Structure formats: C-alpha cells, structure tokens
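Below is one structure; the comments refer to it alone.
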C-alpha cells in the first residue's frame, strides 16, 4: 500500500510537470518558428533536463543514466538508512504430513478372568476416558465360594499334617517310630502344601487375596478393574450378562503412547535424523501449534507415495486425542549462519528480488539496484545471497528501500509518457 501511495503521488506530480504547462510565445513551444529554430531550442531544453527528459526542479529524486539520485536532505526526510549484512542463524525445515497414531502396545483388551454373571457395572460410553485401576464391574459365580472353601480346608488339613510330621520325627529320633510312617507323613504334607499353593494362586489371579482369607470373609464375586488408563474404543458387556472365561468386555486405547506418524519425501529424508525438533498442528482442531521430536526413522520406502515413515514423540501439551487425525508438520534442521538484511530492505517484484546500494556520504546519493536470492525470513530478517558483488564503497539501504523503489517506478512511468 505504501508503494502504491508513493507511486500515485509522485506520478501525478511528474505528469503535471510534463504536461500541464501553458504554451506562450517564446517558451520553446512556438510552432510558428521554422524547424531549425525549433531543433536548437529542443537541444537547449534537453541539456537542462536529465537524460530521461525529467527535470528535477521540484525536489524529487532525479533519474539519470547512472540511476536514481537523492540529496542528503531528501534521504533524511524519507528516513533512509544504510547498513551492512547481519549474521543470523536460520533454522531450515522439512515439510511433512501425517496422522496422530498409536503403536500396537497402546491398545488394551479387558477380558473376563473367569466365567460368571456381570453385575454392578458402571455406565460407560465409547470415547469416554477411564482411569487406571477404575472399577468396571463385578463378576459373580458360586465357584468362587467353592474355591475359597477348598483353600481353607486344604490349609487346615496341611496344618494338621505338619503336626503329624513333627510327631513322627520325634518318634523316629527316639527310635520308637517306624521310618515308613514318617516318610508317608512328609509326602502327604508336601502334597497338601502344593495343593494349597495352587488354589491360592488361582484365587490371587481372580483378585481374591488369600493371606487374609478366613471363613468369615469368603466372597461371592470378583472385581474387574481397568489395568490401564485411556479412552474406551469398544464396550461389549452389560448387567446380567453371563460372560465366559476370556470374553472381551472392553477395549481401551492409551493416549500416553500417542505419537506422530509422518511421511517425509524421498528428496528430504537424508536431512532428517533422530532428535530433531518437530512443530505441528492439527487442522481439524484449529491453528494451535504443538511440539515433538523425531524418534524413529522408518526403514521402508513407499514407492507409491515416494515417502518414508518417520515416527515422532509428542512433547509438552498434547492436542485433543482423536486417533488418526491429519497433521501438518515441520521437521526443523540444524541451525546455519547466513548473511541477512532487515526484511524491509529486500524488495520483491514478481519472481525477482533485489536491494539498493549507494554512497551514503555523497552529497548527491546515487543508488544502484542489485539482484539477490532471498531465503527464509526469521524474526524480521531475510537471508540474502548476492548475485553480483556490491561496488566498492557503496553501502546497503536497510531502511527506505520501498521509497526508492517507488521513485524508480515513477521514473518508468514518466519515460513512457
């Protein structure tokens, strides 16, 4: 908008100067004179103007064969500043797209540890969150009572058998007993101990502790807890349902293992390495940016898409969990030091970019336009590569380039007129 403003004002002024004079006798435009007189006048007038036919009596930047000129006063008025290149670190990046994914071990299935009737289950919905250790439901079965009863009976029998072993050992030490009786007592004791241990393990597996088990606290149900925290992806049970052993009751997806699955193009994969930082956003959830890092670089090349899969860890705040949502990402490469100029010093006109240079200590500053290759812009500075070297003694215009550019465009308009 500033360029358009400059061009419009200055162009109007130049056109008025070029076309708005009244022709009077003797002003050099008397058409009644002969051709020779007219030619002499034209030559005289041309010598008092610049080489493009634009006289600079009105304080505007002059255009000559050497380029655009401004006086020091004009340069000060428009706030022109000169400077040199700055060395800054520009962090280049590789673009990638992908999804929010989960590894196979992030999926958990809750099954019935024994056959029984589902009772007292909480109300869950698919997509809801469930915490690790949260109660899901109870499973009732009379067999649970029988197992606890059997365990207590074996445990009591084992205690009695240990007493018999002690008695036989005492008799044997006094040569009053029979060795065979001691051996039989020991064998029976070991059998009962093994049986008690087996039943105890089964009860512990069902969630019934045996250390504190007595005839007064026998349970008729077992409790089903969630072994992990996550989001419920499937529910397949309800109150009163008879569940067979190993019946799937619920599927859970753990969001703790949520990660990035990015596809990096073949031409860029050599630049990517483990540990590089990733910034990404999930378009479906807005423009907020999130952070991550490269964790694993895949070893399989996709011939169809010409990409390699890169897995990334999520860092800091995570986006709302929805599996397989599309993401846009940038994988940031190693910092590199480059020559850069303030963003406003670099002018882009169509497909070309350029800067202005000049002698900042001259009374009449002459400017030269130099083509450049513009790179990334970071924090207001643009990386710049010169196509041609800067003439000796000239400095770079770091502020006011757009004014000079506008003046040069006005010059072009005046030439056309």
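Observations on the structure shown:
- Any hit, the stretch 181-190, residues being under 22 Å from residue 215 (Cβ atoms), at pLDDT 90 or above and over 60 Å from the mean Cα position of the chain (by Cα): no
- Criterion: buried (at least 16 other Cβ atoms within 10 Å of the Cβ), outside any strand (DSSP E or B) and touching a strand residue (DSSP E or B) at 6+ places or on another chain (Cβ under 8 Å) - qualifying residue of 228, 308: 228
- When residue 353 is tested against (1) more than 30 Å from residue 87 (Cα to Cα); (2) surrounded by 16 or more Cβ atoms within 10 Å (Cβ to Cβ); (3) modelled with pLDDT of 90 or more, exactly one condition is not met: (1).
- Unmet criterion (only one of (1) under 25 Å from residue 242 (Cα atoms); (2) in a strand (DSSP E or B)) for residue 92: (1)
- Residue in the stretch 97-113 that is closer than 30 Å to residue 338 by Cβ, at pLDDT 90 or above, in contact with a strand residue (DSSP E or B) (Cβ under 8 Å, 6 or more places away or on another chain) and assigned to a strand (DSSP E or B) present: yes
- Looking at 120, 128, just one residue is under 30 Å from residue 232 (Cβ atoms) and exposed (fewer than 13 other Cβ atoms within 10 Å of the Cβ), and that residue is 128.
- For the stretch 231-270, filtering for residues that are touching a helix residue (DSSP H, G or I) at 6+ places or on another chain (Cβ under 7 Å) and not in a helix (DSSP H, G or I) leaves 3.
- Remark: residue 273 falls outside the filter, which requires a residue to be out of contact with any helix residue (DSSP H, G or I) (no Cβ under 9 Å at 6 or more places or on another chain), in a helix (DSSP H, G or I) and either at negative phi or without any contact (Cβ under 8 Å) to a residue 24 or more places away in the chain (or both).
- Search result, residues across the stretch 114-138 that are in a loop (DSSP other than H, G, I, E, B), farther than 18 Å from residue 205 by Cα and touching a helix residue (DSSP H, G or I) at 6+ places or on another chain (Cβ under 9 Å): none
- Boolean, residue 383 is modelled with pLDDT under 90, over 29 Å from the mean Cα position of the chain (by Cα) and either in a strand (DSSP E or B) or surrounded by fewer than 20 Cβ atoms within 10 Å (Cβ to Cβ) (or both): no
- The residues in the stretch 310-327 that are within 12 Å of the chain's Cα centre (by Cα), more than 14 Å from residue 98 (Cβ to Cβ) and touching a residue at least 60 places away in the same chain (Cβ under 8 Å) can be counted, and the count is 1.
- Exactly one residue among 352, 307, 336 is more than 16 Å from the chain's Cα centre (by Cα), farther than 16 Å from residue 96 by Cα and free of Cβ contacts under 8 Å to residues at least 60 places away in the same chain, and that residue is 352.
- Some residue of the stretch 77-88 being within 30 Å of residue 320 (Cβ to Cβ) and modelled with pLDDT of 90 or more: no
- Failed item, numbered, when residue 347 is tested on (1) surrounded by fewer than 13 Cβ atoms within 10 Å (Cβ to Cβ); (2) in contact with a helix residue (DSSP H, G or I) (Cβ under 8 Å, 6 or more places away or on another chain); (3) in the same structural domain as residue 369 (by TED's automatic domain parsing): (1)
- Positions within the stretch 146-174 being touching a residue at least 60 places away in the same chain (Cβ under 8 Å) and exposed (fewer than 14 other Cβ atoms within 10 Å of the Cβ), in sequence order: 149
- Residue within the stretch 276-293 that is in the same structural domain as residue 99 (by TED's automatic domain parsing), surrounded by 14 or more Cβ atoms within 10 Å (Cβ to Cβ) and either over 18 Å from the mean Cα position of the chain (by Cα) or at positive phi (or both) present: no
- Any chance residue 207 is part of a helix (DSSP H, G or I), out of contact with any helix residue (DSSP H, G or I) (no Cβ under 8 Å at 6 or more places or on another chain), modelled with pLDDT of 90 or more and within 27 Å of residue 117 (Cα to Cα): no
- Pair list, Cβ under 7 Å, 6 or more apart: the stretch 71-82 residue on the phi > 0 side of the Ramachandran plot, other residue surrounded by 14 or more Cβ atoms within 10 Å (Cβ to Cβ): 79/399; 79/400
The values are calculated or read from the model by the stated rules, or taken from the named source; none is laboratory data. What you see is a predicted model, and the numbers here were worked out from it, not measured in a lab. Because the Cβ atoms are built from the backbone with ideal geometry, glycine has one as well, and the counts that use them run over all protein chains shown.
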